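Structure first, commentary second.
The values are calculated or read from the model by the stated rules, or taken from the named source; none is laboratory data. Keep in mind that this is a model prediction, so the values were computed, not measured. Cβ sites come from the backbone with ideal geometry, for glycine too, and all protein chains shown count toward neighbours.
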Ligand code: MN
C-alpha cells in the first residue's frame with residue numbers, strides 16, 4: 001500500500017512563495033487523496049499492489065480496464081506530487097550549478113530564456129495539469145495528472161503543478177504570479193542530481 005511521503009521541510013517553510021495553508025492542504029489532503037484512491041483501486045488488482053509506482057504508471061495498458069483510468073489519474077497524482085515536493089526547498093539557490101546551467105544555456109541561449117520558455121508553457125496550459133523539464137532538456141506539459149513517465153517514458157527532472165489547488169489560496173486566478181514565485185523555491189541541487197543521474 002502506498003503512503004504519503006514526508007516533506008523535507010515544514011508546511012510554512014516555502015512562505016511567502018507558497019503559503020503554509022496551501023502546503024498543508026496540498027500535501028495532507030490532495031496528495032493523500034490520490035494515494036487513497038490509488039490504493040483502493042489496486043485492491044481490485046492485488047498482483048500490482050506491491051509494485052513500485054514507476055512500474056505501475058508505465059504499465060497502464062496491462063492493468064484491468066475497470067481501474068485503468070483511476071490508476072492513471074491517482075497513480076500519476078501520487079508520482080507527480082512525490083517528485084514536486086522533492087524539487088522544492090526553502091534554501092533555494094536560484095540557479096543550477098555547473099553542468100545543468102551550461103546545458104540549459106546551450107539549448108535555450110541563456111538560463112533566463114529557459115525560464116521564460118518554461119513559464120510560457122505553464123501559462124499556456126489550459127485547465128489543470130503540469131509543466132515539465134525532461135531529461136533531454138525539452139519542455140512539455142501534460143493535462144490532469146498524466147506523467148511524462150507514462151506518456152514519454154522518461155523521468156522528468158523538474159515539474160510544476162499548475163492545478164488551481166496548488167496556488168488559488170495565495171494567488172487566486174493569477175497563475176503568472178504563482179509561476180514567477182515558484183522559481184524562487186526550486187532546489188536546483190536536487191534537479192541537478194536528477195540530471196546527472198541519467
Ligand atoms: Mn497538486
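Close contacts from segment 165-180, counting a first residue that is under 23 Å from residue 112 (Cα atoms) and a second that is part of a loop (DSSP other than H, G, I, E, B) and at pLDDT 95 or above, with Cβ to Cβ under 6 Å and a gap of 6+ residues or different chains, come to 178/167.
Scanning for something within 16 Å of the ligand (Cβ to nearest atom), in a loop (DSSP other than H, G, I, E, B) and either touching a helix residue (DSSP H, G or I) at 6+ places or on another chain (Cβ under 8 Å) or over 28 Å from residue 98 (Cα atoms) (or both), does segment 177-198 turn up at least one residue? There is no residue in segment 177-198 that is within 16 Å of the ligand (Cβ to nearest atom), in a loop (DSSP other than H, G, I, E, B) and either touching a helix residue (DSSP H, G or I) at 6+ places or on another chain (Cβ under 8 Å) or over 28 Å from residue 98 (Cα atoms) (or both). State which residue is nearest to the ligand (Cβ to nearest atom) when the search covers only segment 58-82 and only residues that are under 26 Å from residue 188 (Cα atoms) and surrounded by 22 or more Cβ atoms within 10 Å (Cβ to Cβ). If we take residues in segment 58-82 being under 26 Å from residue 188 (Cα atoms) and surrounded by 22 or more Cβ atoms within 10 Å (Cβ to Cβ), then 81 is nearest to the ligand (Cβ to nearest atom).
Tell me, yes or no, whether segment 14-31 has at least one residue that is touching a strand residue (DSSP E or B) at 6+ places or on another chain (Cβ under 7 Å) and either not assigned by TED's automatic domain parsing to the domain that holds residue 179 or not in a helix (DSSP H, G or I) (or both). Yes, segment 14-31 contains at least one residue that is touching a strand residue (DSSP E or B) at 6+ places or on another chain (Cβ under 7 Å) and either not assigned by TED's automatic domain parsing to the domain that holds residue 179 or not in a helix (DSSP H, G or I) (or both). For beta carbons closer than 6 Å, sequence separation of 6+ or different chains, a first residue in segment 74-92 that is farther than 13 Å from residue 194 by Cβ and touching a residue at least 60 places away in the same chain (Cβ under 8 Å) and a second that is within 11 Å of the ligand (Cβ to nearest atom) and assigned to a helix (DSSP H, G or I), the qualifying pairs are 74/34; 77/34; 78/34; 81/31. Just wondering, is there one or more residues in segment 120-137 that are within 16 Å of the ligand (Cβ to nearest atom), crowded, with 20+ Cβ neighbours inside 10 Å and free of Cβ contacts under 8 Å to residues at least 40 places away in the same chain? Yes. Filtering segment 59-102 to residues that are modelled with pLDDT of 95 or more and more than 30 Å from residue 29 (Cβ to Cβ) leaves 61, 62.
Residue-wise test of (1) assigned to a loop (DSSP other than H, G, I, E, B); (2) under 25 Å from residue 57 (Cβ atoms).
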position	(1), (2)
91	yes, no
114	no, no
127	yes, yes
136	yes, yes
153	yes, yes
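Within segment 94-104, can one find any residue that is within 24 Å of residue 17 (Cβ to Cβ), surrounded by fewer than 16 Cβ atoms within 10 Å (Cβ to Cβ) and within 16 Å of the ligand (Cβ to nearest atom)? Scanning segment 94-104 turns up no residue that is within 24 Å of residue 17 (Cβ to Cβ), surrounded by fewer than 16 Cβ atoms within 10 Å (Cβ to Cβ) and within 16 Å of the ligand (Cβ to nearest atom).
Applying the selection to segment 32-60, what residues are without any contact (Cβ under 8 Å) to a residue 12 or more places away in the chain and outside any helix (DSSP H, G or I)? Scanning segment 32-60 gives 43, 50, 51, 52, 59.
Checking the structure you have, find out if any residue of segment 163-173 is assigned to a loop (DSSP other than H, G, I, E, B), buried (at least 17 other Cβ atoms within 10 Å of the Cβ) and away from the ligand (no atom under 13 Å from the Cβ). No: zero hits.
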